[in-house]
1. Kirkwood Rh and Cα-based Rg: tell me the resulting Rg over Rh for the range A:11-133, rounded to two decimals.
2. For the residue pair A:D43 and A:S11, what label-to-label distance in nm results when each label sits 7 Å from Cα along the Cα-to-beta-carbon direction?
3. Are there any trypsin sites (Lys or Arg not before Pro) in the range A:1-107 that are in a DSSP loop and have at most 12 other Cβ atoms within 10 Å? List them by number.
4. Regarding the range A:49-104, what whole-number volume in Å³ per residue does the convex hull of its Cα atoms give?
5. Treating only the Cβ atoms of Lys and Arg (+1) and Asp and Glu (-1) as charged, compute the dipole magnitude of chain A about its Cα centre; round to the nearest 20 debye.
6. Over 23 Å between Cα atoms: which of B:K4/B:K44; B:K4/B:K27; B:K10/B:K33; A:K60/B:K2; B:K10/B:K40 fall into that group?
7. If you line up the Cα atoms of the protein assembly as shown on their principal axes, what length do they span on each, largest first, in Å?
8. Where does the charge balance sit around A:S65 when Lys and Arg score +1, Asp and Glu -1, over other residues with C-beta under 14 Å from its C-beta?
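Readers should treat all values here as calculations from the given coordinates under stated rules, not as data from a laboratory. Source: prediction; values computed, not measured. Quick reminder, even Gly has a Cβ in these numbers, built from the backbone with ideal geometry, and neighbours come from all protein chains shown.
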Amino acid sequence: MAQTTGIINASSIRVFLGTTDDSEVVVDHVTECSISLNTDIRDITTKTSGGWREILPALKSASLSLSGLFAEDATNNFNQLVDHQIAGALLYVVFTNTGTGDAANSGDEQFDVSGYITSLEQTAGTEDNVTFSMTLEITGAVVREVIA
Amino acid sequence: MKVKLEKPYKADGWNWPAGKVVNVSNKFAAKLKDGGYLDKPAPKVTKPKGETKPKPTTEE
């Protein structure tokens, strides 16, 4: 398939994860997901900077967050994520665009990362859906690749 | 992508029976395909009724 044209529908973005690379399964019932890349800076301002701060890039880091609806029998839902967090498991994650179907759309780009769950929360109100949210801190390089 | 397993898969932290439908990453789907997990088992070859083996000819 060819690269998707135009503005992407956010519902097409899916998160797949697993404990082995290239063995990722979709996280069920996700309502929102995001990936965030950060670059620290080094201040190299001196007396000769003309009164303006000068910087250089320093340490890069990234994290991935998602939230969704809780279901006991779902795949890669809260129950499995709790196990992964308690075990301190390294998780392999694909953050990809599936378009209108279930398969990632070849020709588009996706994130292929790995990391550890650093935050996991389940929320239960009254007469409402039980929800969960997770943050994964990424270790190593963030790979942005064309979907094959 | 959604795939249907034609034989059980017990590896990589997963334990699935044959017939299970799972939504996996493209790379995982390719891996399952390469491993023959998405191939339907070859149908059993049954002999059509009435077919008999030819009797071996004997020299007189």
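1. Here the Rg-to-Rh quotient is 1.13.
2. Spacing of the two 7 Å Cα→Cβ label points: 4.8 nm.
3. Sites meeting the loop and neighbour criteria: A:K47, A:R53.
4. Taking only Cα atoms, the range A:49-104 has a hull volume of 203 Å³ per residue.
5. The dipole of chain A has a size of about 820 debye.
6. Pairs exceeding the cut-off: A:K60/B:K2.
7. Cα extents, longest axis first: 116, 49, 37 Å.
8. -3
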